[in-house]
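The values are calculated or read from the model by the stated rules, or taken from the named source; none is laboratory data. Please read these numbers as outputs of a predicted model, since none were measured by experiment. Reconstructed Cβ throughout: ideal geometry from the backbone, glycine too, with neighbour counts over all protein chains shown. The area values use the complete protein model at the heavy-atom level, side chains included, leaving out ligands, DNA and RNA. Shrake-Rupley method; radii C 1.70, N 1.55, O 1.52, S 1.80 Å.
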Amino acid sequence: MFKIGEFSKISNTTVRTLDHYAALGLLAPKKIDNQTNYRYYSADQLSQLNQIKLLQQTGLSLKTIKEIIETNDLDFLEKHYNLQEEKLQEDLDELLKKQRMVSLLKQNIKEGKNMAKYNVVVKEIPERNVLSVREVIADYMSEGELWFKLQQAVIEANAKMKQPPLNMTLFHDVEYVEKNADVEVQTSVLGEYPDTESAKFKKAPAFIMASVTFSGSFDQMPQVTQTIAEWLEANEYKIVGPMINIGHVSPGEDPNPDNWVTESGFMVAK
């Protein structure tokens, strides 16, 4: 057997770490000399130590690692691997989002862009016949599910679309929410139709909208909404309804973000 200092060298693990593992009950010394209080480890403990280190590299906590080692249950281990994989994917998505934002800001600086390029327009959206799908969805990334249901409803009703199409998303929550968002998608149609299983036909009222039309990805949305907010404040308009996005060239029509054209704004009144 090896004294703790020797085992530390062999395993490339600090004595402090070994003591920490022992205190948690993860890896106790094989033997402790009662007279000298020397701690001894055996060569066969290296495999367990390596397992602990490997599991730590996946981001699992020492508490969870202890449970895995104690149960020696492969299903239990797979469950934690799946949970950790989901967490890592969420972290990766967030990092990629931040990377895109940094790239956008760098590009704006390089091209001398600023928020003055966004032009606020006030216009009336007239009364119209629409097919509409409104649901509480898990998060804003799930909006595409509503558009799929609406597309199916248009086919089911054999509805004649208004040309050019007027497709809009209405965000009905009175405040920003990260989950369980109340979202409606609607498209303008000619004529009247019965409700389908997933969509409702209705006559949507006219409203006044202050909006900005921009091309490219939705990464610009913070600058767009800031521009609208500053314009509303300067011109003494108030927000009286939901935020609205009108997709002139939407992700469903073209997968390339460079080609998207979106009109984003709010229902307003003086």
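Observations on the structure shown:
- Pairs, first over 14 Å from Asn129 (Cβ atoms) in the range 186-212, second in a loop (DSSP other than H, G, I, E, B), C-beta under 7 Å, six or more apart: Ala210/Tyr237; Val212/Tyr118; Val212/Asn119
- Extreme residue, farthest from Met1 (Cα to Cα), among residues of the range 22-68 that are open to solvent by less than 40 Å² (accessible area, probe 1.4 Å) and of a type in the set (Val, Ile, Thr): Thr64
- Residue under evaluation Glu178, criteria (1) farther than 23 Å from Asp195 by Cβ; (2) in contact with a strand residue (DSSP E or B) (Cβ under 9 Å, 6 or more places away or on another chain), criterion not met: (2)
- Considering (1) modelled with pLDDT under 95; (2) touching a helix residue (DSSP H, G or I) at 6+ places or on another chain (Cβ under 9 Å); (3) within 22 Å of Ala269 (Cβ to Cβ), the lone condition that Tyr176 does not fulfil carries the number (2).
- Residue within the range 22-38 that is in a helix (DSSP H, G or I) and basic (Lys, Arg) present: no
- Residue within the range 183-206 that is assigned to a loop (DSSP other than H, G, I, E, B), within 28 Å of Ile228 (Cα to Cα) and open to solvent by 70 Å² or more (accessible area, probe 1.4 Å) present: yes
- Answer residue from the range 131-154, given it is β-branched (Val, Ile, Thr) and under 18 Å from Ala204 (Cβ atoms) and is least open to solvent (accessible area, probe 1.4 Å) among those: Val133
- Residue count for the range 157-181, restricted to those that are over 20 Å from Arg128 (Cα atoms) and either among the aliphatic types (A, V, I, L, M) or surrounded by 14 or more Cβ atoms within 10 Å (Cβ to Cβ) (or both): 3.
- Residue in the range 21-30 that is charged (D, E, K, R), in contact with a strand residue (DSSP E or B) (Cβ under 8 Å, 6 or more places away or on another chain) and either farther than 18 Å from Lys66 by Cα or modelled with pLDDT of 95 or more (or both) present: no
- Test: residue in the range 228-241 that is more than 20 Å from Val174 (Cβ to Cβ), under 28 Å from the mean Cα position of the chain (by Cα) and open to solvent by less than 70 Å² (accessible area, probe 1.4 Å): no
- Long-range neighbours under 6 Å by Cβ, at least six apart or interchain, first residue within 16 Å of Gly216 (Cβ to Cβ) and open to solvent by 100 Å² or more (accessible area, probe 1.4 Å) within the range 94-108, second part of a helix (DSSP H, G or I) and at pLDDT 75 or above: Arg100/Asp219
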